[in-house]
1. Arrange the residues Asp174, Asp102, Asp215, Asp121 by how much accessible surface each exposes, largest first, with a 1.4 angstrom probe.
2. What are the extents of the Cα atoms of the chain along their three principal axes, in Å, largest first?
3. Under the 0.36 nm per residue contour assumption, what length would be gained going from the current alpha-carbon distance of Gln69 and Thr256 to full extension?
4. With a 1.4 Å probe and every protein chain left in place, work out the accessible area per residue of segment 79-128 in Å², rounded to a whole number.
5. Along its three principal axes, how long is segment 164-281 when you only count alpha carbons? Whole Å, largest extent first please.
6. If I model a spin label as a point 7 Å beyond the Cα along the Cα-Cβ vector, how far apart are those points for Val61 and Thr133 in nm?
7. Just subtract the alpha-carbon distance of Glu200 and Ala163 from 0.36 nm times their residue separation and send over the number in nm, one decimal.
8. How high is the FRET efficiency between Ala116 and Ser39 when r is their beta carbon distance and R₀ equals 25 Å, given to the nearest 0.05?
Amino acid sequence: DTDTDTDTDTDTDTDTDTRRVVGYLPTYRSLDPAGIDLSALTHLNIAFATPTGAGNEVEFVGATPAAIQALVDAAHAEDVRVLASIGGGTGSDLVAAKLGADNVDAFVAALLALVARYDLDGIDVDIEGAAITTTYAPFVLALSDALGDDQLLTAAVASWNGADIPDAALARYDLLHVMAYDHCGTWSDACEHAPVAAAEADLAYWIDDRGYPADQTVLGVPFYGYCWGGACPASTLTYAELLARWPAAANTDWLTGDGYEISLNSAATIGVKAAMAEDYGGLMIWELGQDAAGADSLLGVVAGAR
């Protein structure tokens, strides 16, 4: 990583001869490498590494060390770079609590220990929402300074609170994963939560308004949808669940019927976005465990576009 706060990192990962496909995989999913088409990925972000208590130790919660190591080793065998993602929608407050000036160095040291323990390729910062405070930039700069030259520092970001991320922190990231989804959801009225037009606007914000390099800006896509109405089996459904119940989900982003309205990204739309991503830094997926199997796989659509 660069040790200045004025220029975006230029890690060897910025080579765009092979378009990036970044897949997140939560530890509450199966981590069996046999169930993942690692050949379709360039990067795997394991979500989430979490502070484990009053101290600064960081570990992948919900998975055994043996399972993590087996996944890392299998990914490396396919030349996939593996990062530990920290934060997320439910864990950002836990991470933010470790970022005070009197503790940040110890927390950075714990993250470096995690990287060394599993032979990881870096850290992905997915601190979200109100957890992004004045402690965010000093933490990112300290972590950037501490990581090795061959290790990555990446981030998942949302445009709706992008102004909370200072330029000094933004400049330290090797890749920026734009969460171009959740424009509505369980907290709102029904709408298309991840349309192509919104993805274009999200990319434009980070590239045109914030000046982040286009070839390091990675378009995020959802492998899930939202369901509103009394007939919904759940408010959030994986693509596999949607397709099993509503086969039309393969070809449309909006499903309506008696007592339900559903927003998703169909296989057709994922294909459109995969083609879009060729003009940027690649495609990011939240998340691999939500995919359908076999010929219905959205990851298969992405792989076919590479």
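The values are calculated or read from the model by the stated rules, or taken from the named source; none is laboratory data. Nothing here was measured: the structure is a model prediction, and the numbers come from that model. Quick reminder, even Gly has a Cβ in these numbers, built from the backbone with ideal geometry, and neighbours come from all protein chains shown. The protein model used for the area step is the full one, side chains on, heavy atoms only, and it has no ligands, DNA or RNA in it. Shrake-Rupley method; radii C 1.70, N 1.55, O 1.52, S 1.80 Å.
1. Of Asp174, Asp102, Asp215, Asp121, the descending order of accessible area is Asp102, Asp215, Asp121, Asp174.
2. Taking max minus min along each principal axis of the Cα atoms, the chain gives 56, 42, 41 Å.
3. Once the chain is fully extended between Gln69 and Thr256, it gains 63.0 nm.
4. That works out to 36 Å² per residue.
5. The Cα atoms of segment 164-281 stretch 49, 28, 19 Å along the principal axes, largest first.
6. Label-label distance for Val61 and Thr133, simple model: 1.8 nm.
7. 11.5 nm
8. Efficiency at R0 = 25 Å is approximately 0.40.
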